[in-house]
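Chemist: Can you read through this structure? Questions will come right after.
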Amino acid sequence: MKLTVEQFENWEHISITLLGMSGVGKTRLSNMLRNRDWFHYSGDYRIGTRYLDEPILDNIKQQAMQVPFLRDLLRSDSIYIRNNITVDNLNPVSSFLGKLGNPEQGGLAIEEFKRRQALHHEAELAAMRDVPSFIHKAQQLYGYRHFINDAGGSVCELDDNSVLELLAEHTMFVYIQATEQDEHELIKRAERFPKPLYYRDAFLSEQLNIYLEEKGIPYVAQIEPDDFVRWIFPRLFNSRIPRYKAIADKYGYTISTEQLTNVNSEKDFIELLKQAIAEQQ
């Protein structure tokens, strides 16, 4: 959604969709605004609690069934397993995505890895389609004045114009662009703490072939899972930048991580958005 500064100032119920890689400050900003009459909609939380809840539990149960003591208790319904996903703890979603590579090191076979990736993609589409109804709930049911959609880093890879247009109809896209220094910090963090990620299928296939050839590895099952994540992250980061920018240019606005660092209140955020709108006008 594109607005003039005047239209933005007269917007009674502001609705924002945040874009950007994990670590640029989307959730920090959302948590701050949550205490200032903003409804915090976490795309990843919705994915984990609504659309991937059963697959996540099945994955956990599969691991538990390999332990004889737990297997017997599960089969006799003596115990049950449930998710405890929160906005601040999305580890079950990451654990379900998993990492590609050697099963002896916790890696997944390529077929299973791609199956989970596809499930996550469909879940993210569904979670983003839910945004309009949650905007309504936020106002009518919970009494919040404003709404912020803390979208996952992979939302730029949905490749579904209808979903982007739906979000643009109901929210203003705000892309948090990492400065060069912050890009380096995000990449260093990913190297220190490699975590499961979503990849577009075409991107994954292309990069996997390059990795196998570069490393001289004949089979996916010989990949060291964390090494592959460390290797692919900078390439994933760079592939997403033009996608974020294209969405922001067409539907919204761009702010930098440096500018966001100076946002310590709702007022600061509103002023930053007004500045971004004015600069584009």
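The numbers here are math on the coordinates, done by the rules we state, and not lab data. Because the structure is a prediction, the values reported are computed rather than measured. Cβ placement follows ideal geometry from the backbone for every residue including glycine, while neighbour counts extend to all protein chains displayed.
Chemist: Highest GNM mean-square fluctuation, the chain, Cα pairs closer than 10 Å: which of PHE269, PHE69, PHE173?
Modeler: Of PHE269, PHE69, PHE173, the most mobile in the Gaussian network model is PHE69.
Chemist: Taking amide hydrogens as modeled 1.01 Å from N in the peptide plane, which residues meet the under 5 Å criterion relative to TYR144, leaving out close sequence neighbours?
Modeler: Under 5 Å from the amide H of TYR144 lie the amide H atoms of GLN139, each far enough along the sequence or on another chain.
Chemist: Mind pulling the angle between the C-alpha long axis of helix 266-280 and the longest principal axis of the chain? Nearest 10 degrees, somewhere in 0 to 90.
Modeler: Once rounded, one gets 80 degrees.
Chemist: Could you derive backbone 3J(HN,Hα) for the stretch 241-250 from the dihedral phi with the Karplus parameters 6.51, -1.76 and 1.60 (θ = phi - 60°), listing whole Hz in sequence and x where the residue is Gly or Pro?
Modeler: 3, x, 6, 4, 4, 5, 5, 5, 5, 7
Chemist: Right, another one. Nothing charged except the Cβ atoms of Lys and Arg (+1) and of Asp and Glu (-1): what's the magnitude of the dipole of the chain about its Cα centre? Round to the nearest 20 debye.
Modeler: 480
Chemist: Here's a follow-up. For the chain, set up a GNM with springs between Cα atoms under 10 Å and report which of SER30, SER265, SER78 has the largest fluctuation.
Modeler: Among SER30, SER265, SER78, the largest GNM mean-square fluctuation belongs to SER78.
Chemist: Please report, to one decimal in angstroms, the Kirkwood hydrodynamic radius of the stretch 155-231 built from all distinct Cα-Cα pairs.
Modeler: Hydrodynamic radius (Kirkwood, Cα only) of the stretch 155-231 equals 15.3 Å.
Chemist: Mind listing the phi-derived Karplus ³J(HN,Hα) values for the stretch 96-104, rounded to whole Hz, using 6.51, -1.76 and 1.60 with θ = phi - 60°, and x for any glycine or proline?
Modeler: Per-residue couplings from phi come out as 5, 4, x, 10, 7, x, 4, x, 6 Hz.
Chemist: For the stretch 5-280, what relative contact order do you get, as a whole percent, if you take Cα pairs closer than 8 Å and at least 6 residues apart? Intermediate values should be presented prior to the final figure.
Modeler: Working: 352 pairs, mean separation 85.1, N = 276.
Relative CO of the stretch 5-280 lands at 31 percent.
Chemist: What list of ³J(HN,Hα) couplings, whole Hz, do you get for the stretch 34-42 from phi and the Karplus terms 6.51, -1.76, 1.60, once you set θ to phi - 60° and write x for glycine and proline?
Modeler: Here the 3J(HN,Hα) series is 4, 8, 10, 6, 10, 7, 9, 9, 9 Hz.
Chemist: Viscosity 1.567 mPa s, temperature 4 °C: what is the translational diffusion coefficient of the chain from Stokes-Einstein with a Kirkwood Rh over Cα pairs, rounded to a whole number of µm²/s?
Modeler: 64
Chemist: Using only the alpha-carbon atoms, how far is helix 131-140 inclined from the longest principal axis of the chain? Give it as 0 to 90 degrees, nearest 10.
Modeler: Approximately 60 degrees, to the nearest ten.
Chemist: Related question: When you have a sec, figure out the Kirkwood radius of the stretch 144-280 from all distinct Cα pair distances and drop it here in Å to one decimal?
Modeler: 17.1
Chemist: Could I ask something else about it? By how many degrees, between 0 and 90 and to the nearest 10, does the Cα long axis of helix 161-170 differ from the longest principal axis of the chain?
Modeler: 40
Chemist: Which three extents, in whole angstrom, do the alpha-carbon atoms of the stretch 224-281 cover along their principal axes, largest first?
Modeler: On the principal axes, the stretch 224-281 reaches 47, 27, 13 Å in Cα extent.
Chemist: For LEU70 and HIS184, what is the calculated FRET efficiency with R₀ set at 35 Å and r taken between the beta-carbons, to the nearest 0.05? Display every interim value, and only then the final one.
Modeler: Working: r = 43 Å, r/R0 = 1.23.
With R0 = 35 Å, the Cβ-Cβ based efficiency is 0.20.
Chemist: OK, next. For the chain: lysine pairs with Cα atoms under 22 Å, gap of 8 or more or different chains, count?
Modeler: 25
Chemist: Of the chain, which part is the longest with no trypsin sites (Lys or Arg not before Pro) in a loop (DSSP not H, G, I, E, B) and with at most 16 other C-beta atoms within 10 angstrom?
Modeler: 146-281
Chemist: In addition: With a point put 7 Å past each Cα toward its Cβ, work out how far HIS136 is from SER94 in nm, to one decimal.
Modeler: In this crude label model, HIS136 to SER94 measures out at 3.5 nm.
Chemist: Can I ask one more? Calculate the length of the line joining the C-alpha centroid of the stretch 154-200 to that of the stretch 16-45, in whole Å.
Modeler: Result: 13 Å between the Cα centres.
Chemist: What does the helix-only formula give at 222 nm for the chain: each DSSP H stretch with n ≥ 4 adding -39500 (n - 2.57), the total divided by the residues, and the result rounded to the nearest 500 deg cm²/dmol?
Modeler: About -17500 deg cm²/dmol.
Chemist: Rule-of-thumb check for the stretch 58-113: C-alpha Rg over 2.2 N^0.38 Å? Intermediate values should be presented prior to the final figure.
Modeler: Values: Rg = 13.3 Å, N = 56, 2.2 N^0.38 = 10.2 Å.
Taking N as the residue count of the stretch 58-113, the ratio is 1.31.
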